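Below you'll find the structure, written out as structure tokens, and then a few comments.
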Amino acid sequence: MTDDALICSAKGCRAPATSRLVWNNPKVHTPDREKVWTACDAHREQLSHHLAIRSFLRRVEPVEQAR
């Protein structure tokens, strides 16, 4: 998958993703399991906040860092 193929994970958004939101739900996943949502610039804060208030957010990194 190429960077330009990644789209934002926000509902209904089709914008290109610029960030990866790496998260883990400790009630469901083992500690080494990392899930990823992608986010465009417009939705990065909203999606990060959603994960952070649940204590799921581990880190936010640029899409290109994942390569």
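FYI, it's all coordinate maths here, none of it is from the lab. Note that the structure is predicted; figures quoted are calculated from it, not measured. With ideal geometry, Cβ positions are generated from the backbone for all residues, glycine too; neighbour counts draw on all protein chains shown.
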Let me confirm something: among L47, L21, which residue is under 22 Å from I7 (Cα atoms) and in a strand (DSSP E or B)?
L21
Extreme residue, farthest from the chain's Cα centre (by Cα), among residues of region 15-41 that are among the β-branched types (V, I, T) and closer than 15 Å to E61 by Cα:
T18
Quickly run through region 26-44 and pick out the residues that are closer than 12 Å to C8 by Cβ, not in a helix (DSSP H, G or I) and not hydrophobic (A, V, I, L, M, F, W, C).
T38, D41, H43
Please count how many residues of region 53-67 are in a helix (DSSP H, G or I) and loosely packed, with under 15 Cβ neighbours inside 10 Å.
3
